[in-house]
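This report concerns only the one structure given below.
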Amino acid sequence: MSHPSPIRIAILDDYQNVALDMADWSVLQGRAEITVFNDHQALPAQVVERLQPFDVVCVMRERTPLTRAILEQLPDLKLIASTGPANASIDMEAAAARGIEVAHTGYSSTPTIEFAWAMILAMARNIPIENRSLREGGWQRTLGTQLAGKTLGLLGLGHIGSAVGVIGRAFRMNVIAWSQNLTAERAESKGVQLVDKDTLFSSADILSIHLRLSERTHGLVGAAELARMKPASRIVNTSRGPIVDAAALIDALRRGQIAGAALDVYDTEPLEAASPLRTLDNVLATPHIGYVTREMYETFYGDTVRNIVAWLDRRP
């Protein structure tokens, strides 16, 4: 009796080269051949060329888009194993039309909530600047900003935004919020004051963004909104890059219209090497690591292995 040939699995965008250490992939021994890619391919033609030999593609949520045009050129693809409960970068209708199964994993918002506060605190106390000064032989260079008594503005009060607000109150900040669908009842239930959009931008000392990217939120923070902010205010985006108009933000930062920005997300990822966001002194920029913790990766890749095994067990 002949045994079925091992399936071919591609693990994409494993930037830190840790995927195989985050789960027990040995359960697939004899059933699969695994190839790990540590670099990122951005052009659709490059993605297609890379993925054509594979039966299963493991994608980190929203790193590599799998559009209809790409999926139509992958005749051997049978399973997309994605991290997170949803992935906006996968054309689900196109996958279904081609009989490609899409599996998802568990997720926790805890790393992102913690990271948002790491960004806020690092920016308020100028920690990157002071650390660099110390390494270069210097000493105290800047004056930090006390958070107690300041106003934390939340653009979005979902699970992450409301948790960030709880921590803001623990720092004795005044916490306000606005989003298109936010009600006074929900705001009150989270211990937050609902304000209108203009008041959010004009009052916030720290404006933290916690919205899903959609047609309604794309470019929601533009030149007009940034112009309403105080010169000493700062903006934090750990959500999605395109919610903020990048050109307008860069202009506001260059002119000192706002004091600074802490950014973990960008329109194009990885961020272009020539982007001013890499070099502006009043920008604290990180490479989309808000969710990147050992615990989160163990969930992502552990569930991915289980999803692949379950799919294999269902095959005829």
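Here, each number is a calculation from the coordinates, and none is a lab measurement. Note that the structure is predicted; figures quoted are calculated from it, not measured. Please note: Cβ atoms are built from the backbone with ideal geometry, for glycine as well, and neighbour counts cover all protein chains shown.
Determine the calculated [θ] at 222 nm for the chain from helices alone, applying -39500 (n - 2.57) to every DSSP H run no shorter than 4 residues and normalising by the residue count; nearest 500 deg cm²/dmol.
-9500 deg cm²/dmol
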Taking the chain, how many lysine pairs are there with alpha carbons less than 20 Å apart, if each pair must be eight or more places apart or span two chains?
4
Can you give me the distance in nm between label points at THR142 and ALA86, each placed 7 Å from the Cα along the Cα-to-Cβ direction?
3.5 nm
Between ARG278 and ARG294, the two model label points (7 Å from Cα along the beta-carbon direction) sit apart by a distance in nm of 3.0 nm
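With viscosity set to 1.306 mPa s and temperature to 10 °C, compute the Stokes-Einstein D of the chain, Rh being the Kirkwood radius across alpha carbon pairs; µm²/s, no decimals.
74 µm²/s
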Zone residues, segment 286-302, relative to ASP21, backbone N less than 14 Å from point 7 Å out along Cα-to-Cβ
293-295, 297-298
Amide H neighbours of VAL175 under 5 Å, counting only residues 5+ apart in sequence or on other chains, H built in-plane at 1.01 Å?
LEU152, GLN193
Separation between Cα centres of segment 122-169 and segment 17-36, rounded to whole Å:
39 Å
For segment 177-202 and segment 248-281, what is the centre-to-centre distance using only Cα atoms, to the nearest Å?
27 Å
Comparing ALA177, ALA262, ALA247, which has the greatest mean-square fluctuation in the GNM of the chain with Cα pairs linked when under 10 Å apart?
ALA247
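What is the extension gain from HIS159 to ASP76, computed as 0.36 nm multiplied by their sequence separation minus the C-alpha to C-alpha distance, in nm to one decimal?
Between HIS159 and ASP76, full extension yields an extra 26.0 nm.
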In whole Hz and in residue order, list the ³J(HN,Hα) couplings for segment 144-149 that follow from phi through the Karplus curve 6.51 cos²θ - 1.76 cosθ + 1.60, θ = phi - 60°; x for Gly and Pro.
x, 10, 6, 8, 4, x
Under 5 Å, built H, 5+ apart or other chain: amide partners of LEU284:
ALA261, ALA262, LEU263
Any idea what the dipole of the chain comes to, in debye rounded to 20, about its Cα centre with Lys/Arg Cβ at +1 and Asp/Glu Cβ at -1?
820 debye
Note the angle between two axes, namely the Cα long axis of helix 110-124 and the longest principal axis of the Cα atoms of the chain, as a number of degrees from 0 to 90, rounded to the nearest 10.
40 degrees
Evaluate E = 1/(1 + (r/R0)^6) for ASP198 and ALA247, where r is the Cβ-Cβ distance and R0 equals 25 Å; express this FRET efficiency to the nearest 0.05.
0.70
With each pseudo-label sitting 7 Å past Cα toward Cβ, what's the THR110-VAL36 distance in nm, one decimal?
2.5 nm
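Please compute the length gained on full extension between ARG172 and ARG254, using 0.36 nm multiplied by the number of residues separating them and subtracting their Cα-Cα distance. Spell out each step's value before the answer.
Details: separation 82, 0.36 × 82 = 29.52 nm, distance 3.08 nm.
Taking 0.36 nm per residue and subtracting the Cα distance, the gain is 26.4 nm.
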Paramagnetic reach from VAL309 (point 7 Å along Cα→Cβ, amide N under 19 Å) across segment 14-51
19-35
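Report the net charge of residues surrounding LEU66, where surrounding means a beta-carbon distance below 15 angstrom and charges are Lys +1, Arg +1, Asp -1, Glu -1.
Local net charge: -3.
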